[in-house]
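Student: Dumping the structure here so I can ask a few things about it.
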Amino acid sequence: MQIQSNFSLQKLNSFGFLSYAEYFVSVENELELSNAIEFATHKNIPWQVLGSGSNVVLQDFLPGLTIQMSILGKKLVSESAMHFYIDCGAGENWHDFVRWTIEEGYPGLENLALIPGTTGAAPIQNIGAYGAEAASMIDSVEVLDTKSLQKTQSITEVDLNTQQSWQVIPKEECEFAYRDSIFKRDLQAYVVTQVRFAIPKKWQANLSYAELANYFLENKSPSAQEIFDAVVTIRSQKLPDPTLLGNAGSFFHNPIVDLATYTQLKEKFTNLVSYPAPDLLGEKQFKLAAGWLIDQCGLKGYRVADCGVYEKQALVLVNYGAAKGSEMLDLANHIKQTVFEKFGVLLSQEPINLP
Ligand SMILES: Cc1cc2nc3c(=O)[nH]c(=O)nc-3n(C[C@H](O)[C@H](O)[C@H](O)COP(=O)(O)OP(=O)(O)OC[C@H]3O[C@@H](n4cnc5c(N)ncnc54)[C@H](O)[C@@H]3O)c2cc1C
């Protein structure tokens, strides 16, 4: 494990912002991870975890220790009558993992193909796309409980397995919701080291998302591989490739509103794009398409210096070259304010600001 100082993170964030970590380390196993956190605790400096940097807005300088999660490994660990149980290291690339599950005969994650990032970040915001969410196939999440780690003496390889700091959090306790979980609400509490998936043995195509259903109008029973390929094709057409044009996917959540707000908006804006959302305490809720709200404000393609709203999808903010994290946040604030003035709806940001 090598701790480096003044380390460039430009290639480690999908926006491609020029940003430097005061200290940087890549951890390949649990011992290295606990040593890294101890290093930061001992020096009394902050720390943060980075996966592939595809859902973060980095400022020019990250004080303290930036820990890149690089724990690898994936395998079938057991099976029941109903499920395959598969463990995947937090540093594994998510898309490669999805492809591997299909190749190995454990289909189910195909709707989530091509989402950039690591598997360890999947539970953080409960990644979702094309009518599916990671939470539906997560069994449990293995973490380092950093608060209890700080109370213990230093960890050695011998007692690594017996430490209380390593916990397995069952899915029911992860409080998964739309782009949310206990992990996202307190990023300093846990570091995800491994995710256990429970993939149903009885596979069923999920074509609940209209665009995917349209793709298969002439093929009523597509295979998991065909759905995987379709998702890759559709996503590649819609979203900019971060290696060519820096971005973090959707920059805003689709806002969820109650029935009264929805009714008012629908009366005023008859072409409002919305979807039914799960009820809250028995009350009806609706999800509004944030991209549509931004588009209606005339902001699609809007650009300030090197920060812009992607011309094909208003939900995506892009870095045309030399944008800074702070400039992107200025643009995001302008968008939020404009949408609020027109619709009275407050957009919330999806990527996480570091620091
Ligand atoms: C082109 C594009 C398309 C996208 N499409 C989607 C989409 O369809 N659906 C969707 O949900 N998301 C989407 N995203 C967002 C992103 O892919 C996901 O949020 C992904 O899970 C981020 O993974 P990461 O490894 O890059 O996390 P990072 O960006 O590195 O980190 C995100 C946050 O999680 C924390 N974190 C990361 N790893 C760990 C860990 N092991 N333990 C504890 N905390 C951790 C970080 O501290 C940070 O706060 C898209 C992004 C891009 C660039």
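Student: Output the residues belonging to the range 100-114 that are closer than 14 Å to Ile199 by Cβ and of a type outside the set (Asp, Glu).
Tutor: Trp100, Thr101, Ile102, Gly105, Tyr106, Pro107, Gly108, Leu109, Asn111, Leu112 - these are the residues of the range 100-114 that are closer than 14 Å to Ile199 by Cβ and of a type outside the set (Asp, Glu).
Student: Here's another thing I want to ask about it. Please pick out the residue among Phe61, Phe39 that is more than 30 Å from Phe197 (Cβ to Cβ) and surrounded by fewer than 15 Cβ atoms within 10 Å (Cβ to Cβ).
Tutor: On inspection, the qualifying residue turns out to be Phe61.
Student: Over 20 Å from Thr119 (Cβ atoms), aliphatic (A, V, I, L, M), touching a Phe, Trp or Tyr at 6+ places or on another chain (Cβ under 6 Å) and surrounded by fewer than 22 Cβ atoms within 10 Å (Cβ to Cβ): does that describe Ile45?
Tutor: In short, no.
Student: Further question on the same structure: Check off (1) touching a strand residue (DSSP E or B) at 6+ places or on another chain (Cβ under 9 Å); (2) away from the ligand (no atom under 14 Å from the Cβ); (3) more than 17 Å from Val143 (Cβ to Cβ) for Asn35 and give me the number that stays unchecked.
Tutor: (3)
Student: Let me ask something else. May I ask you to list pairs of residues, at least six apart or on different chains, whose Cβ atoms are under 6 Å apart, with the first in the range 177-195 being hydrophobic (A, V, I, L, M, F, W, C) and the second being assigned to a strand (DSSP E or B)?
Tutor: Qualifying pairs under 6 Å: Phe183/Tyr190; Val191/Val49; Val191/Leu144; Val192/Val141; Val192/Val143; Val195/Cys88; Val195/Val141.
Student: Can you tell me how many residues within the range 92-121 are under 10 Å from the mean Cα position of the chain (by Cα) and over 20 Å from Ser236 (Cβ atoms)?
Tutor: Of the residues in the range 92-121, 4 are under 10 Å from the mean Cα position of the chain (by Cα) and over 20 Å from Ser236 (Cβ atoms).
Student: How many residues does the range 109-129 contain that are closer than 19 Å to Asn214 by Cα and within 8 Å of the ligand (Cβ to nearest atom)?
Tutor: So the count comes out to 2.
Bear in mind that the values in this text are calculations on the coordinates, not laboratory data. This is a predicted model, so every value here is computed, not measured. Neighbour counts are summed over all protein chains in view; Cβ atoms, including those assigned to glycine, are modelled from backbone coordinates with ideal geometry.
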